[in-house]
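This report concerns only the one structure given below.
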Amino acid sequence: LTAVTELRHAIDRGELFLHYQPKALANTGAVCGVEALARWQHPTRGLVRPDEFIPIAEENGLIEPLTRYVIDAALRQCRVWQDAGWEVPVSVNVGAACLHHTEFPGDVADLIKRHGLPARLLTLEITESAIISDPDRAVEVLRGLTELGVRLSIDDFGTGYSSISYLRNMRVHEMKLDRSFVTHMCTDAGDSAIVHALVALARNFGLQAVAEGVEDQDTWTALAEAGCDVVQGYFLSEPLPAEEVVSWLGDRA
Ligand code: G
Ligand code: G
Ligand code: NA
Ligand code: MN
């Protein structure tokens, strides 16, 4: 079987599952959500990382069914946590091609309705390159998503080719500072300058600033001092299996 066929089968047979990485408010340490990260339990190859299979999905027309699958699984889990007394907002990474399909907001609306959750508990993380490759179409799809009440986040902000002008006319809620700037900001003056500039940019647009790749206390402290709202990274927690999230939350409460 080719990798593409195997991945299609994996989506159909439910061989993909999610890990969840917690995020916390920078000032108080209160947990404010989790990011869902896809994993593939391959029948013979074992655990396959998303760096391997997301590009295959993107290049072969599988990213939309994969994204629907991930949103469905994340909302089902969110509902389980809610029923157990924990309100845990979930973020899902959305493949670029989804922003070029006008049916996508309707698909998301169906999934939210099916799980009986408020739309505000779902954040969709999108990349700048997905917007820039077809801005007109992306604006239309993002407007549809905004009207549902889901939150929108720009992932990996500041990497690759970007054009911040879209921030003027798109209603996004959150900016994720890429970990390539964050992780070494305490020892690299250039990284620190970029992080401070991006936090200021987020502030000026009224966006929540989320830093990923926070690996130590000094970085967390520096981010809080810079005015960054939310931190995520190995220092708080690595991505966890769903069943470990509640005990992790309980230990911190
Ligand atoms: O979990 P990990 O750090 O290995 O993720 C590697 C990359 O795969 C990250 O860039 C992450 O955004 C991406 N990724 C993980 N899960 C998903 C997913 O469900 N959909 C998409 N489109 N990308 C994902
Ligand atoms: O592109 P995206 O932001 O979705 O990437 C998420 C990926 O980053 C996941 O694969 C996750 O395992 C990884 N990750 C999460 N926290 C850290 C961290 O503190 N340091 C590093 N190096 N990677 C991290
Ligand atoms: Na992400
Ligand atoms: Mn990222």
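The values are calculated or read from the model by the stated rules, or taken from the named source; none is laboratory data. In this text the structure is predicted, and so the values were computed from the model without any measurement. Reconstructed Cβ throughout: ideal geometry from the backbone, glycine too, with neighbour counts over all protein chains shown.
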Completion exercise
Condition set within 14 Å of ligand 1 (Cβ to nearest atom) and of a type in the set (A, V, I, L, M), scope the range 68-93, selection nearest to residue 126 (Cα to Cα): answer is 92
Problem - Positions within the range 107-142 being more than 16 Å from ligand 4 (Cβ to nearest atom) and over 25 Å from residue 83 (Cβ atoms), in sequence order - result: 132, 133, 134, 135, 136, 137, 138, 139, 140, 141, 142
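Taking the stated definitions as given, is residue 145 closer than 20 Å to residue 208 by Cα, away from ligand 4 (no atom under 16 Å from the Cβ), at pLDDT 90 or above and touching a Phe, Trp or Tyr at 6+ places or on another chain (Cβ under 8 Å)? Write out each step before concluding.
Details: closer than 20 Å to residue 208 by Cα: yes; away from ligand 4 (no atom under 16 Å from the Cβ): yes; at pLDDT 90 or above: yes; touching a Phe, Trp or Tyr at 6+ places or on another chain (Cβ under 8 Å): yes.
Judged against the criteria, residue 145 is a match.
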Exercise for the section: Of all residues in the range 148-175, count the ones that are modelled with pLDDT of 95 or more, within 15 Å of ligand 3 (Cβ to nearest atom) and surrounded by fewer than 18 Cβ atoms within 10 Å (Cβ to Cβ). Expected result: 1
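Please note which helices (runs of 4 or more DSSP H) are completely contained in the range 90-204 and include at least 3 residues that are charged (D, E, K, R).
Details: elements: 104-115, 128-133, 135-148, 179-182, 189-204.
Those helices (runs of 4 or more DSSP H) span 104-115, 135-148.
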Problem - Failed condition for residue 32, given (1) more than 16 Å from ligand 3 (Cβ to nearest atom); (2) of a type in the set (A, V, I, L, M, F, W, C); (3) at pLDDT 95 or above - result: (1)
